Amino acid sequence: MAETENFYQDLVDHQQDFVVRFSPEGRLIFVNPAYCDSVGKSREDLIGSVFMPVTGERYSDVIATQMVKLFRPPFSCTVEQWIQTPKGLRCISWSAKSIIGDGNSVLSIVATGRDITQIRHELKAIKKKDEELMLVVESSERMYYSHSPDHVLTYVSPRIRSVLGSHPRSGKRAWTDFLTDNPMNAAGLERTIRAITSGRREPPYRLEMVKGNGDIIRVEVNEIPVVKNGKTIAIVGSMVDVTEKIQVEEGLAEAEFLIRDYKGGKKRTGTPAYRSPSHAKGPLGYFRAIFSRETREKEDE
């Protein structure tokens, strides 16, 4: 029996992780050398002292809330504790389990702890880099999004929400909800479906979308299917506002058509008496209104 006890004593004493035992009132009953070294105190100084002294009120509230679980099923909890040590402020992750007596009474509590300060610092650094990267992404001309194979949006960048006037708490929506009935959208939807089916990237395409205030916006879209185990699990993409660019392209195309028509057809004199309707915005709408009027006049003749 003595040899067995000595074996387990050596096992605990040589642990790099911290091992402690404390009473239901929170007084330390046992501490291993690793814990003594970490806090810079002897075993005699620690025995009988209050376990888990905290460095601030916010930690006290969190720890107290978690440790209530030690006195009811499942009689265990995990907490993180920031403590001041000779090496500075350290973060200790504790896993605690109650020793239960008759009637589910808690006799004492055993906890093992590990210093995770370095891990916490690394996670904080990663989070900072992610925030910096997101700032760069959101400051660029392109706007980013992702959607599931059934077209439900899973991520929408703040810039897209701002442009489309979509509230972040409006719930998950299909990206097709923002499309107009412009025929170009059918071609874009077809490319997305092909990318989902084949798992291969499609060429960029353009869409016409309606904003929350009813205005129309045109965007150029680049998408990449995310494939796992031979199956497309998501579509990630970026889009850029090309509304003004398309208006210029259409205006130039119409102007070129008018110049060819002027050189090869009958001369047009004077200013057309016909006024374009209010919804005919831009050069394209204006010219279309003129041509549609002339077509009607020819049909009446």
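If you go through region 228-238 one residue at a time, how many are surrounded by fewer than 15 Cβ atoms within 10 Å (Cβ to Cβ) and either touching a residue at least 60 places away in the same chain (Cβ under 8 Å) or within 16 Å of residue 191 (Cα to Cα) (or both)? Walk me through it before giving the result.
So the first thing to find is which residues in region 228-238 are surrounded by fewer than 15 Cβ atoms within 10 Å (Cβ to Cβ), and the list is 228-231, 233.
Okay, now just the ones that are also either touching a residue at least 60 places away in the same chain (Cβ under 8 Å) or within 16 Å of residue 191 (Cα to Cα) (or both), so 233.
Total meeting the criteria: 1.
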All-but-one check, residue 62 against (1) modelled with pLDDT under 85; (2) closer than 30 Å to residue 179 by Cα, failing number (2)
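Quick check on my filter: what residues within region 130-154 are at pLDDT below 85 and either touching a strand residue (DSSP E or B) at 6+ places or on another chain (Cβ under 8 Å) or surrounded by 16 or more Cβ atoms within 10 Å (Cβ to Cβ) (or both)? Spell out how you get there, then give the answer.
Residues of region 130-154 that are at pLDDT below 85, as a first pass: 130-142.
Residues satisfying the conditions are 137, 141, 142.
Table: residues versus (1) outside the structural domain of residue 217 (by TED's automatic domain parsing); (2) at positive phi; (3) at pLDDT below 90; (4) part of a helix (DSSP H, G or I).
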residue: 81; (1), (2), (3), (4): yes, no, yes, no
residue: 84; (1), (2), (3), (4): yes, no, yes, no
residue: 111; (1), (2), (3), (4): yes, no, no, no
residue: 114; (1), (2), (3), (4): yes, no, no, no
residue: 128; (1), (2), (3), (4): yes, no, yes, yes
residue: 162; (1), (2), (3), (4): no, no, yes, yes
residue: 167; (1), (2), (3), (4): no, no, yes, no
residue: 170; (1), (2), (3), (4): no, no, yes, no
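Looking only at region 20-55, how many residues end up being touching a Gly at 6+ places or on another chain (Cβ under 6 Å), at pLDDT below 90 and not aromatic (Phe, Trp, Tyr)? I'd like the intermediate steps shown before the answer.
Of region 20-55, the ones touching a Gly at 6+ places or on another chain (Cβ under 6 Å) are 27, 50-51.
Then keep just the ones that are at pLDDT below 90; that gives 50-51.
If we keep only those that are not aromatic (Phe, Trp, Tyr) as well, we get 50.
Residues flagged as touching a Gly at 6+ places or on another chain (Cβ under 6 Å), at pLDDT below 90 and not aromatic (Phe, Trp, Tyr) within region 20-55 amount to 1.
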Selection from region 199-221 of residues more than 12 Å from residue 179 (Cα to Cα) and touching a residue at least 40 places away in the same chain (Cβ under 8 Å) yields 213
Taking region 212-227 and keeping residues surrounded by 15 or more Cβ atoms within 10 Å (Cβ to Cβ) and among the charged types (D, E, K, R) leaves 218, 220, 223
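From the list 214, 251, pick out the single residue that is touching a helix residue (DSSP H, G or I) at 6+ places or on another chain (Cβ under 6 Å) and more than 15 Å from residue 142 (Cβ to Cβ).
The match here is 251.
I'm checking my understanding of the structure. Among residues of region 84-112 that are under 32 Å from the mean Cα position of the chain (by Cα) and of a type outside the set (D, E, K, R), which one is surrounded by the fewest Cβ atoms within 10 Å (Cβ to Cβ)? Spell out how you get there, then give the answer.
Taking region 84-112 and keeping what is under 32 Å from the mean Cα position of the chain (by Cα), we get 89-95.
Subset that is of a type outside the set (D, E, K, R): 89, 91-95.
Details: 89: 10, 91: 16, 92: 22, 93: 18, 94: 20, 95: 14.
Ranking the candidates gives 89 first.
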Picked from region 179-203 (must be buried (at least 16 other Cβ atoms within 10 Å of the Cβ) and among the small types (Gly, Ala, Ser)), the residue nearest to the chain's Cα centre (by Cα) is 195
How many residues of region 98-124 are touching a helix residue (DSSP H, G or I) at 6+ places or on another chain (Cβ under 8 Å) and either under 23 Å from residue 38 (Cα atoms) or among the basic types (Lys, Arg) (or both)? The answer is 3
Only one of (1) touching a helix residue (DSSP H, G or I) at 6+ places or on another chain (Cβ under 7 Å); (2) of a type outside the set (Lys, Arg); (3) in a strand (DSSP E or B) does not apply to residue 149, and that is (3)
Somewhere in region 204-211, is a residue within 17 Å of residue 150 (Cα to Cα) and surrounded by 13 or more Cβ atoms within 10 Å (Cβ to Cβ)? no
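The values are calculated or read from the model by the stated rules, or taken from the named source; none is laboratory data. In this text, all values refer to a predicted model and were calculated from it rather than measured experimentally. Note that each Cβ is placed from the backbone with ideal geometry, even for glycine, and that neighbours are counted across all protein chains shown.
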